[in-house]
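Nothing in this text is a laboratory measurement; each read-out follows from the coordinates by a stated rule. Being a predicted model, the structure only gives us computed values, none of them experimental. Glycine gets a Cβ as well: all are built from the backbone with ideal geometry, and neighbour counts include every protein chain shown.
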Number of protein chains: 4
Amino acid sequence: MKIGLTRAGLGDIGSDERFIELAGAYGFQTVDLDAVGLVTRHGVDGARELLAKHGVEASSIGLPVEWRTTDEAFRNGLGKLRDAAEAAAAIGVTACCTYILPSTDAPAARFMAQAVRRLRLCAQLLGAYGIRLGLEYVGPHHLRTRWANPFIWTQQETLELVETIAEPNVGLLLDSYHWYTTELAAGDIAKLQPHQIVHVHLNDARDVPVSEALDNDRVLPGDGVIDLAGFLRALASTGYAGAVTQEVLTQSPPTDPVETLLERSKAGFDKAFAAAGLR
Amino acid sequence: MKIGLTRAGLGDIGSDERFIELAGAYGFQTVDLDAVGLVTRHGVDGARELLAKHGVEASSIGLPVEWRTTDEAFRNGLGKLRDAAEAAAAIGVTACCTYILPSTDAPAARFMAQAVRRLRLCAQLLGAYGIRLGLEYVGPHHLRTRWANPFIWTQQETLELVETIAEPNVGLLLDSYHWYTTELAAGDIAKLQPHQIVHVHLNDARDVPVSEALDNDRVLPGDGVIDLAGFLRALASTGYAGAVTQEVLTQSPPTDPVETLLERSKAGFDKAFAAAGLR
Amino acid sequence: MKIGLTRAGLGDIGSDERFIELAGAYGFQTVDLDAVGLVTRHGVDGARELLAKHGVEASSIGLPVEWRTTDEAFRNGLGKLRDAAEAAAAIGVTACCTYILPSTDAPAARFMAQAVRRLRLCAQLLGAYGIRLGLEYVGPHHLRTRWANPFIWTQQETLELVETIAEPNVGLLLDSYHWYTTELAAGDIAKLQPHQIVHVHLNDARDVPVSEALDNDRVLPGDGVIDLAGFLRALASTGYAGAVTQEVLTQSPPTDPVETLLERSKAGFDKAFAAAGLR
Amino acid sequence: MKIGLTRAGLGDIGSDERFIELAGAYGFQTVDLDAVGLVTRHGVDGARELLAKHGVEASSIGLPVEWRTTDEAFRNGLGKLRDAAEAAAAIGVTACCTYILPSTDAPAARFMAQAVRRLRLCAQLLGAYGIRLGLEYVGPHHLRTRWANPFIWTQQETLELVETIAEPNVGLLLDSYHWYTTELAAGDIAKLQPHQIVHVHLNDARDVPVSEALDNDRVLPGDGVIDLAGFLRALASTGYAGAVTQEVLTQSPPTDPVETLLERSKAGFDKAFAAAGLR
């Protein structure tokens, strides 16, 4: 497994160029970024060289398609998705991810049919570029009743959605925070096949009752109460060899300097991987 | 369009052999029946001859798969579906239908994913035999709250399910009772393409407020308040050329003799088709 | 059925604006054109108004994707396809068509797998815009051996490809020239369901042996030996209500003035439809 | 990886009960057998106990569907497939395999479309039982021209077929004999994802020019010239953890006693795994 970064939780880290440089400098192997922007600014070769120079790989992009609302919004995203897939594939990205909120104001059954239909087309389009689609279930309890109707929020339900989409290049984005807030065990990860895991997020949770852990109140890996060692060990046991990427959503931007945050992030990863017996 | 019968609403009509004979005798052109039973008792050639002798075609079979409950029940139905498809195709049947209840005790989103997945396999299996799968939405209001969670009950939602299943041989079973209880207009049918309509049921409703019309308290075509002429005219305008089949669900079996019921049924069809300008 | 025009066989007809104007002036109801160009020049509303002003509908666009060669070329076309689908849907187009050459220098089996895979993605993308994909088989005998390996060229094989793609919005483009050069009968068309027909081309053939009819040596409807009345009668019998569009491929551009060609085209259509008992 | 046996190459080994017993006695961990027969004779629980008693797992069944010829033959197989899937799943089998001959008397393109269509339905049906479909490419040169038209015989083409079928539970059956006769390198296996490999056959080839190696003239692992150590090492490097199963096709049944053949088989496996550094 490789350790990686998103920008979330690092405050104002600046341009993606700076993000890549700092990721490399602090020992991270992958970054999640805006592939189209990077390729637009540097060209494909330039973007590749920049990543290589800092010893960093681009690992995942966000799904640039609004699949949750109107047909018109969805259609508008398809052009962006094509462009994003082309840019992402050109710089070595093999994952594109989206999250699934646990409740919705839309009627739940109809919303599920729409999700299957639209995510299926996204998966097909990504598949033409050798990119996989990762679906992230979202565990925090408060979001389950945030909108009118319960949708899905468990690993099992998300695997069922993956199976229903029925394209070979769809799987899970596993996030330690959602694993924790849905109260799964290490065994629930260990039983997965590696190809069912498209991408992984690493986060930690405050020491509050699980049902009170807020989605946007996460802490750096190692600063909280999640059994990250157990999470990582289970992941490794599946044969998963991709990126494990920090994504710390917070209510307000952190005030520490970026360098401090990166140092602490790296130390948190090292500690968790060591505790898991993986480094 | 051809006029047809199911056994529902005809009391104790006896064997399928008797059903076929009476359907022919009273001027109906199609029947919905148990294809496996007929082929088992008569062989393929015998079953064909029996139908031909009475001038009746077999039009649709029920989906013999429990797609609403456990994986085990679903799997058990797959063998029956294969056998039913073979028998049905052998005697000229091109439709296989199931209904979708408007509420469910299962979580609605998960139930929808399961429905898509399982009905897709059913459609594929039927497709190997040249048979189409018809999905019937169910309109009566009392069933929308009969189970814990609302599911789907409109033509539009059912078309979306058809689109999500994404197999070319899936469409609607339109039932005048559900068209009436979902308060659609003739135009909602007229805008359909003929291949979106797999099968049609003709029923009538008592003169009670629409929201109080019970699913199992239907009356013979012509004995109620539904604008069957408008329904039929809209159907014909799409180019639909298949069967329009009576299926009168009642709370207790009718007490009139079968012959009387058939006579009244035929008269009801004749009146509705004449009013629609179709005969 | 509506009568329509492509630009093929009309010489130098000028801009699409001029094409629309002339089509309307000579009594044609539909045109096949470049939707993106029209919308780019006039905006969606302007393009719609222009069409409406001349009483002409836009009926079909060509598939702007190179699905026959490299992955790179295919991928490049996907962005164009998205843009074309958006523009086409905005001006009312519901068909997008491509032709299938009867032989190929690629290994035939592998080429078929590639065709299924790529055309399936095209169909899905078009489906998000309510547009159908029409596949045109190509009958002229000389093309069957033009490249190293035989591919497919019959209606039946093309229907099998449609079935294999397995998306609900795929069907045939029927062309009278290919119907003639594959020596089909009217009955072969009459047995189709209307939704299996996405678009129709009308052309005529010189009085040479069928096996010598060249793909790019067609003549205007009525100037040749094809039983166009039988073709149209069979089409109408299926319930097909879409466009029947002239597309006269010739070895060199016609030398007659456009107006003469349009007059002769319209007369040819009138004669064929009258002979079919359709006007 | 587990070592396993098929009956091929072991002469007259008797009943499947005897086969299971001997497999266990000679240190093999898996067998490929007739799941329906075993479950019919012993019931599900009895079959499971029998396997457990001998420390042997059932690993793969053959696809009991004739997907290469008529629609009628194909349809007839679907009932068998459902029954086989049920029996196989009940005793823990997760793979069902079929082979693809490198040439065919059918037109190649049409045959490919048919293969995609039919294998897709087989995959869907198997998927309902948690079973994967493995496709085996067949390398020996003499079979490439055995029938009229070349079909597919390389790993790459077979991966493309897998992608075209587009169901998540389809992958390769890798056979060392076909790997050898298509002259692939270890790297061609090493680049596969583990889920792309459904099952593996181990065989060896006589010391004749590759182009003269006959499909049904194989020898026991270790008795020939294939670099089985390289094959196994590459397999292991992918993360593949399933069965590696002997399947020695020969022109006439071997004359050695079964026990001798099993001893030699086991010794061959041990030698190859040791040379690969895997035991």
Region C:2-275 -> Rg/Rh from Cα coords, Kirkwood Rh, value 0.94
If you place +1 on the Cβ of every Lys and Arg, -1 on the Cβ of every Asp and Glu, and leave all else neutral, what size is the dipole of the protein assembly as shown about its Cα centre, to the nearest 20 Debye? 0 debye
Please go through the residue pairs A:LYS2/A:LYS80; B:LYS53/B:LYS80; B:LYS2/B:LYS266; D:LYS2/D:LYS271; A:LYS2/A:LYS53; A:LYS2/D:LYS2 and name each one whose alpha carbons sit more than 20 Å apart in this structure. A:LYS2/A:LYS80; B:LYS53/B:LYS80; A:LYS2/D:LYS2
In a GNM of chain D with a 10 Å cut-off on Cα contacts, which of D:ALA106, D:ALA87, D:ALA205 has the highest mean-square fluctuation? D:ALA106
What list of ³J(HN,Hα) values in whole Hz, one per residue of region D:141-151 in order, does the Karplus curve 6.51 cos²θ - 1.76 cosθ + 1.60 (θ = phi - 60°) give from phi, with Gly and Pro shown as x? 4, 4, 7, 6, 10, 5, 10, 4, 10, x, 10
Using the Kyte-Doolittle scale, find the helices of chain C whose mean hydropathy is at least -1.0 and whose Cα atoms extend 18 Å or more along the helix's long axis, counting only whole DSSP H runs. C:35-53, C:71-90, C:108-127, C:258-275
What gaps in nm, shortest first, separate A:ALA25 from its twins in the other copies when you place the label 7 Å past Cα toward the beta carbon? 7.0, 7.1, 9.5
Please express the shape of the protein assembly as shown as an equivalent ellipsoid: the semi-axes are the square roots of 5 times the eigenvalues of the C-alpha gyration tensor, given largest first in whole angstrom. 48, 37, 36
Can you find, among D:GLY4, D:ILE91, D:VAL244, the residue sitting farthest towards the positive end of the charge dipole of chain D, where Lys and Arg contribute +1 and Asp and Glu -1 at Cβ? D:ILE91
Rounded to the nearest whole Å³, what is the per residue volume of the convex hull around the Cα atoms of region D:18-74? 90 Å³
May I ask you to derive the FRET efficiency for B:LEU249 and D:VAL44 from their Cβ-Cβ distance with R0 = 56 Å, giving the value to the nearest 0.05? 0.90
Mind sorting C:VAL244, B:VAL116 by how few other Cβ atoms lie within 10 Å of their own Cβ, fewest first? B:VAL116, C:VAL244
Semi-axes (Å, rounded, descending) of the ellipsoid equivalent to region C:129-279 per its C-alpha gyration tensor are 24, 20, 15
Normalised Cα Rg of region D:82-192, dividing by 2.2 N^0.38 Å with N its residue count, works out at 1.10
List the residues whose amide H sits under 5 Å from the amide H of B:VAL31, counting only those 5 or more places along or on another chain, with H placed 1.01 Å from N in the peptide plane. B:LEU5, B:GLU57, B:ALA58, B:SER59
What is the mean number of Cβ atoms from other protein chains located within 10 Å of the Cβ atom of each residue in peptide C:84-95, rounded to a whole number? 1
List the distances, in nm to one decimal, from the label point of B:LYS80 to the label points of the same position in every other copy, shortest first, placing each label point 7 Å from Cα along the Cα-to-Cβ direction. 2.5, 4.8, 5.3
Between copies, how far does the label point of D:GLU212 sit from its twins, in nm, shortest first, when each point is 7 Å from Cα along Cα→Cβ? 5.1, 8.2, 9.3
Rg/Rh for region A:16-135, where both radii come from Cα atoms and Rh is the Kirkwood radius: 1.04
Please list, by residue number, every one of the chymotrypsin sites (Phe, Trp or Tyr not before Pro) in region C:115-176 that is coil in DSSP and has at most 16 other beta-carbon atoms within 10 Å. C:TRP147
Inverse mean reciprocal Cα-Cα distance (Kirkwood Rh) of region A:175-219, Å: 11.5 Å
Let me check against my output: what whole-number percent is the relative contact order of region A:1-131, with C-alpha pairs under 8 Å and at least 6 apart? 22 percent
Which residues qualify? For D:VAL170, with a placed amide H closer than 5 Å and at least 5 residues away or on another chain, they are D:LEU133
Among C:SER265, C:SER60, what is the fewest-to-most ranking by other Cβ atoms within 10 Å? C:SER265, C:SER60
Under the rule of -39500 (n - 2.57) per DSSP H run of 4 or more residues, summed and divided by the residues of chain C, what mean residue ellipticity at 222 nm is obtained, to the nearest 500 deg cm²/dmol? -13500 deg cm²/dmol
Compare the Cα positions of C:ALA115, C:HIS141, C:GLY55 along the charge dipole of region C:2-275 (+1 at Cβ of Lys, Arg; -1 at Cβ of Asp, Glu; about the Cα centre) and return the one farthest towards the positive end. C:ALA115
So what is the relative contact order of chain B, in percent, for Cα pairs below 8 Å that sit 6 or more residues apart? 21 percent
Give the Rg (one decimal place) followed by the Dmax (whole number) of region B:221-279, computed from C-alpha coordinates and expressed in Å. 12.7, 37
I want to verify a result. In a Gaussian network model of chain D, Cα cutoff 10 Å, which of these has the top mean-square fluctuation: D:ASN169, D:ASN203, D:ASN149? D:ASN149
